[in-house]
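Asks: Please read through the structure below; I'll follow up with questions.
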Amino acid sequence: MRNTILTFLTACVFVACQKDPIVSEYPNVLVVGDPDEVLITDDSLVVSGGYNHGEFIDVDVDKDGVNDIRISAAFTGSPGMGVTGSAYLRSINEQLGFAYIPYKVDQYTKEYKDTIKFMGSDSELDVTEYTCENLPGYQYLSTTEERRYRFEPGSSVRMNDAFDLESERIQISPIDNNISETQGGDLGGIGIIRPTWRTVRDYSHCGRVDYESKSYVVFRIDGRLGWLKLTATGGLVTIYEYAVQKKP
């Protein structure tokens, strides 16, 4: 009897914790890239970021007079340090969320000292490396929850799959490996600063995807599924088409 009661209570808690299914007059499943059950707008939209300032366009994906998605891009940096392009998608309609595939990534780190040549002499440098690859000599650091927003053509997305309704924006430009250095004090007031600490971040094995080839990002808005077909290379984004479901 006791086991029966526990089973019943567990089932009640399980049901209570489930999200209410979305009831919609549109199909419950979207096949990404399939034109049969969607209305496609094939306007070619290009956003090219400015130097150290962003450019953006807003898109009304369901043609109801209200903009839904902001596409932004920028180039940041300097000629001496290098210039990096970045691009983002952002929901500007609280009813719109981007579909994602959750996955976990383990991170590892290694600390050591290195020697560099500085003003003709050897100089000691503290180095910290971060990677998602379990390499000899590296220590486990943490496990993070990540989200993948790119979908392959032919894949299926359902109305009640995971959709991001909270993130301010999602990055669609490549996340490059990078090396940064922290510098010490001015040597003798002559304006030359000695590097003292180097940080190396390697994202090669972190499961991140790029959007440099034609890619699909799926969204849900007001019980309706759709997609953006795009490429993003640095601070340049091209939207080839966007689509929303039509009534069956």
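Asks: Whole-Hz Karplus ³J(HN,Hα) for the stretch 139-150, in order, using 6.51 cos²θ - 1.76 cosθ + 1.60 and θ = phi - 60°, x for Gly and Pro?
Replies: Computed from phi, the couplings for the stretch 139-150 are 9, 4, 10, 6, 10, 10, 8, 10, 10, 9, 9, 8 Hz.
Asks: Once you place label points 7 Å from the Cα toward the Cβ at TYR112 and THR84, how far apart are they in nm?
Replies: Simple spin-label model gives 2.4 nm for this pair.
Asks: Take the Cβ-Cβ distance between ILE92 and ARG208 as r, set R0 to 25 Å, and report the resulting FRET efficiency rounded to the nearest 0.05.
Replies: The calculated FRET efficiency here is 0.50.
Asks: A further question follows. Give me a comma-separated list of calculated 3J(HN,Hα) values for the stretch 57-66, in order, Karplus coefficients 6.51, -1.76, 1.60 applied at θ = phi - 60°, integers in Hz, x for any Gly or Pro.
Replies: My calculation for the stretch 57-66 gives 9, 10, 10, 9, 6, 9, 6, 9, x, 10 Hz in order.
Asks: Using amide H atoms built 1.01 Å from N in the peptide plane, name the residues 5+ places from GLU241, or on other chains, whose amide H lies under 5 Å from its own.
Replies: Here LYS229 satisfy the definition.
Asks: Kirkwood-based Rg over Rh for the stretch 87-162 (C-alpha set), two decimals?
Replies: Rg divided by Rh gives 1.24.
Asks: Apply the Karplus curve 6.51 cos²θ - 1.76 cosθ + 1.60, θ = phi - 60°, to the phi angles in the stretch 84-89 and return the couplings in whole Hz, x for Gly and Pro.
Replies: Each residue's phi maps through the Karplus curve to give 10, x, 9, 8, 9, 10 Hz.
Asks: Another one. If packing is taken as the average number of other Cβ atoms within 10 Å across a peptide's residues, how do 154-164, 105-115 rank, most packed first?
Replies: Order by mean packing, descending: 154-164, 105-115.
Asks: Would you grab the residues whose amide H sits under 5 Å from the one on ARG148? Only those 5+ places off in sequence or on another chain, please, with H modelled 1.01 Å from N.
Replies: ILE101, TYR103
Asks: What does the charge add up to near LYS110, with Lys and Arg as +1, Asp and Glu as -1, over the other residues with Cβ less than 15 Å from its Cβ?
Replies: Summing Lys and Arg as +1 and Asp and Glu as -1 gives -4.
Asks: So between GLN171 and GLU146, what do we pick up on full extension, going 0.36 nm a residue minus the alpha carbon distance?
Replies: Net length gain for the segment: 7.8 nm.
Asks: Take the cross-link list LYS110/LYS229; LYS214/LYS247; LYS104/LYS246; LYS113/LYS214; LYS110/LYS214 and give me the ones stretching past 32 Å between alpha-carbons.
Replies: Flagged as over cut-off: LYS110/LYS229; LYS104/LYS246; LYS113/LYS214; LYS110/LYS214.
Asks: Starting from the amide H of GLY97, placed 1.01 Å from N in the peptide plane, find each other amide H under 5 Å away whose residue is 5 or more places distant or on another chain.
Replies: Those qualifying (amide H under 5 Å, at least 5 residues apart or on another chain) are ARG220.
Asks: Sticking with this one: Please give, to one decimal in nm, the separation of the simple spin-label points placed at LEU45 and VAL127, each 7 Å out from Cα toward the Cβ.
Replies: About 4.5 nm separates the two model spin labels.
Each value in this text was obtained by applying a stated rule to the coordinates, not by laboratory testing. Values in this document were obtained by computation on a predicted structure and should not be read as measured data. Positions of Cβ are generated from backbone atoms using ideal geometry, with glycine treated the same way; all protein chains shown enter the neighbour counts.
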